[in-house]
Each structure stands twice: as C-alpha cells, then as structure tokens.
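The values are calculated or read from the model by the stated rules, or taken from the named source; none is laboratory data. Computed from a prediction, not measured in an experiment: that's the story for all the values here. Neighbour counts are summed over all protein chains in view; Cβ atoms, including those assigned to glycine, are modelled from backbone coordinates with ideal geometry.
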Amino acid sequence: MALLEINDIHTYYGNIHALKGISMTVEEGEIVTLIGANGAGKTTTLRSISGLIKPRRGKIVLDGEDIKKYAAQELVYKGIVMVPEGRGIFSKMTVGENLDMGAYSRKDKDGILKDLGWVYELFPRLKEREKQIAGTLSGGEQQMLATARALMANPRVLLMDEPSMGLAPVLVEAIFDTIVQVNKEGTTILLVEQNATMALSIANRGYVLQTGEIVLSDTAVNLQKNEMVQKAYLGIE
Amino acid sequence: MIAPADSNNTLAIQLLGIMEPIPQNLRQSSAGKISSWIRKNFITSLGIFIVVLLIWRIVSVAQQDSYPIQYWAFQLINGLTLGGVYALIALGYTLVYGILFMINFAHGEVMMMGGFAGFFTLQLLTYLGWTNDTPFSSAISVVVMMLAGMTVSVLTGVILERIAYRPLRAAPRLVPLISAIGASFFLQYTALLMFGAIPHNYHKPSIFVGVWRIGETGIIISYTGAFIFVTSIIMMIGLYIIVQRTKLGRSMRAVAEDKQIATLMGIDVDKVIVFTFILGSALAGAGGVMLGLHNTVIRFNSGFIPGLKAFTAAVLGGIGNIPGAMVGSLLLGIMEALGPSALGLPTEYKDVIAFSILVLVLIFRPTGLLGEVLSNKKA
C-alpha cells in the first residue's frame, strides 16, 4: 500500500474548478515530482494535501486513513509537512526560534535535539546564523531555513513547493543536493517544481499536470525521454 | 491648481494658501531659504511650532511658580499609578492588534466588567468581615477580588471574541471594528441595566488605608497607589516573559506574523487567538479592580474613558508593540497628571491633554515611540 494516496480530488476556488480529479500515489521513501506550467494546479494540489484548502470531492489517504477530515494544523501531527512557496519563514524571529517553531507539533525532547543537530549538519550555514533574525538571511539561506524548519517536524511526507524559485542556479543545485540527501536518510518527498529539468533529475517518478488534470505519469527517467515533456517542460526541441 | 505629486504635505500647503511661487530675488535671501524649507517640511515645521509654543507656556507658567515641589512629587506618583493601570489595559489592545490587526474597542468595557466583579466580591468579603479583620485576611480579600475581576473579564473577552469577532475574521477590516464598537455599547448598557446608573463605592480593605510619608520631605505615597504600581509592573513583566519565553508566547508571535504559516507548523490559530484574548482580558480585569480602588467608584461607563486613554497610550508607544504599550502608558499617566499644572490649566483639562496627545502622535509619529513602520498588510 502506498504511503500517500490521492484519489480523484476536485478542488475549487469559489466557482473555479482548479483540480479536476487528480489521482496520484507516493510510496514510502520515494521522491515524486509534480511538474507543469504556471497555473496548472501544482500548488493547489499541495495545498489540498496539506489541508489549507479542502477538496470538494475525492480521497486523500495516508497509511490507510482518509485524512481529508483533518484541519491543516492537525495534519502536521499526522506527518504531512509542507515547505510553502516563497518559503514563509518567520522573518522577525531568529533562525533558532524558526527551527523551534518547526518542532511545535512534537513532544519528544531528545528527538527534537537530535534532529536539530541533524539539520545543522545538513545546513552548517544555519548553525552559524542561529541567533540572527531570519528576515536578514539571503534568499538561499531562507530556503534552507524553510526546509530545515519543515524537517524539524519529523515529516512522514515532506511537501515542497517550488524550492528553486528565485534562486541562483548554483544555489538551486545545492538545495536539490540536500533534498536528495534528506531523502536518502528516509524522508519521503513530494516535490512541486517549474524547473522540470532539476526535478526529474532527482525524482524516482513524476506526474505532469495540465490545467488541473494529470496528463502523464511515469518514472522520472522515462519522462525525461518523453518527447512531449522534452518539448513543453525541458526546453529540448 | 495642479498638485505636485512629490510631497505628501501638498494638500495642507494648498489649504494654507502658501503655494504661490516665491519671487526669484527672495530665493537667495535667508528668509527665502527658511520659507522654502518650511514648504518642504510642513509637518516638521508645524511640530516645531507646537513644541516651541508648549515650552514657552510651560516656562512662563513655571516663572509664576505657585506649586511647591511636594505637589509635583505627588502628581508624579499619581501619574505613575494611573499609568500602571493604563498599561494593563493598553496591553490588551496591543496584544489583540498584534495578532488580528484589529482595535478591540470593547476592551474598556471588558475592564469595566472586571471592575464590577471586583466590586461585588469586595461587598461580599466586607459582609463576611474579611476585609477589615486582620492584615492577612485583608490581603487575601484583595487577592480574591483581583482574581474575581480577572475571571469575569476573561469570560467577557472570550465570549466577545467568539460571538462578535470570530465570525467576522474573513471580513474586511472595518467590519470587526464596527462590531467592536457595537459590543462596547452593548456591554455598557448591559451594565447600566444590571447595576443601575448610580456610582458604586469601593470601600477600601483596611490594608489599603494609610500612606507612607517619606522622611521630612512631605511627600506621601498612598498604599493603594504603591500597590497598583508594583502589581502592574509585576504583571507586565509576567506578560513579557510569557510572550518571549514560553511555547504559547512563541506561537502567539508566529500567528502575529503569518497565520497560514503558523497553521503549517501545527499551531491551532483559533486557540492562540482565544489565548490572546484571555491574556489581554485578564490584565484588563486586574486593571478594572485597580481603577476601582484608585477612583473609589465604579459605574457602567467607567470603562469608556480609561479604555480610550489606554488606547491612546498603546498608540503613543506604538500599537502592536508590548514594551511600547508599557512605556506609552506610563508616559501618558505622567503627562496627564503633570500636564494641567505645568500648562497652568484646570485639572479638568487632563482628558483634553490626553486626547491631544493621541491626535499629535497620529499626525507626527503614527508608528508611535517604539513602533515599526507598518507594512501595507497591517496599516
């Protein structure tokens, strides 16, 4: 059984039918990516999973339990943790306080301390800036902080929304290297990206989203070879 | 006339009719330079003008020197006492504003309800003989009274949030504000119907009867004043520790910054908002009881003016800023106590002074003394 199973969800913004029956699965330990153009519904899919917007129809099943009934804040306790688009760090708090907020849902002090050591190992830069106000960090550092903060919640599935947005290519590579490393250490990842080249290079499987519908799903390797994907998303003629 | 877009003060300048171009020959003279500086810095010049006027008035009143130093000391102590009460109420305004970006105009009435609860508890305890029996029983009765006031204020505040504000959270920002004003009147007239229009007298517990005299200076501090000041300072420190050091305080700051991101951390935003109302209302309840002890009377509209004053204090310190509310309140208390005498006005003018301060702050420093520049989201 898949860790996360999304079954025919329909999400609306008012009268706008944004997701027209999306189904996908994420197996334990995978990196799955969702690619597509602007406005295809990638972020809406993530927001539907994390509970920020409730689908009108369909099922979202985590470990055999339909989790659609839970509020967004309750889903964090279930292990659904999202790194939002545009990072969304607490810019008035220090780096350390941001990471504390990440662990808000947890009670296991030893585990929190262990994970803090781990994220500081992953992002040594954050350790250096522990006492700094988060709003003064650079864009790349803020993305690191947002990722580290999500990891502090000990996610079962980490939802990442456009981690490459607004970052220089060299930083994008650094962030993606970390995503791979986090995944190797056991975190399941669902990654939404416009940068399809990067996303497919690290993912196991991928889904292609077009105006609220999944038009293609395959292994990442096959998608990279797919002519339509190459043309539309990878910039290969 | 075409309004130049480069200056925010243009409208005011136009209204004063000083937009006529200055003749070329005047531009080089020093008078010309001053007048062009005034044109460019209209608000600042107006501020300087007012400050000069105030200083002139204070100095000329001081030269007549009709008050002894003891009088000033007495007024200063009075101001600090009043400032302590304002601070407890102002913190409620600031906490709620910090999280919901809404002015809870019913907050003064929340305080008044606490004041009444304190009054009736005091009546009961006096009837039971606790208030005047021994110093210990008298002290206990003060604590019970404060707790009763805080409890009733907390209940009022929480119910208010649930009924009057929560359903409107997604509405435009003016809507909850109007709801707050409605709630304010509702609570006032509920109190009027329940307790009548006559003022109710707070009979001081025996522990508060008396004063300290400081040496031979002739300066006196009443026990009530000292109690109010010290207790309010302790409560402010307590609040600061809660907000800065505890998990709940951190979640409050997270919700203040971004509700959606706070949700993604697993924070129940509704709970945090309720908790904020609990904190603010508890402080207001304590403030209501203290105000009752200070003024020795309470009635249905006792919350209105002090509520507005505390709001003024919160704005003066920078609304949304916790240390700002404390500093602003103490300053306002002092200015209100010293102001009339310093300016040679009758004491009845203290409210005029307080609300003039509100207007001046809004004109010259809308962010308050310790406030930050408001982003569009907040403003």
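Whether a residue is without any contact (Cβ under 8 Å) to a residue 60 or more places away in the chain, touching a Phe, Trp or Tyr at 6+ places or on another chain (Cβ under 7 Å) and within 14 Å of chain A (Cβ to nearest Cβ) was assessed, and B:Gly266 passes this test.
The helices (runs of 4 or more DSSP H) falling completely within the stretch A:22-126 that include 2 or more residues that are among the hydrophobic types (A, V, I, L, M, F, W, C), buried (at least 21 other Cβ atoms within 10 Å of the Cβ) and within 14 Å of chain B (Cβ to nearest Cβ) map to A:42-50, A:72-78, A:95-102. Does the stretch B:267-280 include one or more residues that are in contact with a strand residue (DSSP E or B) (Cβ under 6 Å, 6 or more places away or on another chain), crowded, with 21+ Cβ neighbours inside 10 Å and under 29 Å from A:Leu159 (Cβ atoms)? Among the residues of the stretch B:267-280, not one is in contact with a strand residue (DSSP E or B) (Cβ under 6 Å, 6 or more places away or on another chain), crowded, with 21+ Cβ neighbours inside 10 Å and under 29 Å from A:Leu159 (Cβ atoms), which makes the answer no.
Of all the criteria given as (1) under 30 Å from B:Glu161 (Cβ atoms); (2) surrounded by fewer than 20 Cβ atoms within 10 Å (Cβ to Cβ); (3) free of Cβ contacts under 8 Å to residues at least 12 places away in the same chain, the one not satisfied by B:Arg250 is (2).
If you check A:Leu171, A:Leu159 for being buried (at least 23 other Cβ atoms within 10 Å of the Cβ) and outside any loop (DSSP other than H, G, I, E, B), only one passes: A:Leu159. Is one or more of the residues making up the stretch B:295-303 under 30 Å from B:Pro68 (Cβ atoms), touching a Pro at 6+ places or on another chain (Cβ under 8 Å) and either of a type in the set (Val, Ile, Thr) or within 14 Å of another protein chain (Cβ to nearest Cβ) (or both)? Yes, the stretch B:295-303 contains a residue that is under 30 Å from B:Pro68 (Cβ atoms), touching a Pro at 6+ places or on another chain (Cβ under 8 Å) and either of a type in the set (Val, Ile, Thr) or within 14 Å of another protein chain (Cβ to nearest Cβ) (or both). When each of A:Thr43, A:Thr33 is tested for being touching a helix residue (DSSP H, G or I) at 6+ places or on another chain (Cβ under 8 Å) and over 17 Å from A:Lys59 (Cα atoms), the lone residue that passes is A:Thr33.
Within the stretch B:190-207, the set of residues being assigned to a helix (DSSP H, G or I) and loosely packed, with under 13 Cβ neighbours inside 10 Å comprises B:Leu193, B:Met194.
Tell me which residues, restricted to the stretch A:196-223, are over 19 Å from A:Leu4 (Cα atoms) and among the aliphatic types (A, V, I, L, M).
Matches in the stretch A:196-223: A:Ala196, A:Met198, A:Ala199, A:Leu200, A:Ile202, A:Val215, A:Val221, A:Leu223.
Just one residue in the set A:Glu130, A:Glu141 is farther than 22 Å from B:Ala256 by Cα and modelled with pLDDT under 90; that residue is A:Glu141. Determine whether the stretch A:139-150 contains at least one residue that is surrounded by fewer than 20 Cβ atoms within 10 Å (Cβ to Cβ) and either closer than 26 Å to A:Gly88 by Cβ or among the hydroxyl-bearing types (Ser, Thr, Tyr) (or both). Yes, the conditions are met somewhere in the stretch A:139-150. Can you find a residue in the stretch B:240-253 that is touching a strand residue (DSSP E or B) at 6+ places or on another chain (Cβ under 8 Å) and either within 14 Å of chain A (Cβ to nearest Cβ) or more than 22 Å from B:Gly79 (Cα to Cα) (or both)? The answer is no, given that none of the residues of the stretch B:240-253 is touching a strand residue (DSSP E or B) at 6+ places or on another chain (Cβ under 8 Å) and either within 14 Å of chain A (Cβ to nearest Cβ) or more than 22 Å from B:Gly79 (Cα to Cα) (or both).
Within the set A:Lys42, A:Lys78, the sole residue that is farther than 21 Å from A:Arg205 by Cα and in contact (Cβ under 8 Å) with a residue 24 or more places away in the chain turns out to be A:Lys78. Just one residue in the set B:Phe185, B:Phe227 is part of a helix (DSSP H, G or I), among the aromatic types (Phe, Trp, Tyr) and free of Cβ contacts under 8 Å to residues at least 12 places away in the same chain; that residue is B:Phe185.
Of all residues in the stretch A:39-90 being among the hydroxyl-bearing types (Ser, Thr, Tyr) and within 14 Å of the chain's Cα centre (by Cα), which is nearest to A:Asn195 (Cα to Cα)? Looking at the filtered set, the residue picked out is A:Thr43. Residues that are modelled with pLDDT under 85 and surrounded by 15 or more Cβ atoms within 10 Å (Cβ to Cβ) number at least 1 in the following helices (runs of 4 or more DSSP H) confined to the stretch A:196-237: A:220-225, A:227-232.
For the criterion of being in a loop (DSSP other than H, G, I, E, B) and in contact with a helix residue (DSSP H, G or I) (Cβ under 7 Å, 6 or more places away or on another chain), A:Glu130 passes. Checked against (1) touching a Phe, Trp or Tyr at 6+ places or on another chain (Cβ under 7 Å); (2) modelled with pLDDT of 90 or more; (3) among the polar types (S, T, N, Q), B:Thr224 meets all criteria but (2).
Checked against (1) within 14 Å of chain A (Cβ to nearest Cβ); (2) at pLDDT 90 or above, B:Ser329 passes all but a single condition, namely (1). Scanning the stretch A:130-161 for residues that are touching a residue at least 60 places away in the same chain (Cβ under 8 Å) and basic (Lys, Arg) gives A:Arg149, A:Arg156.
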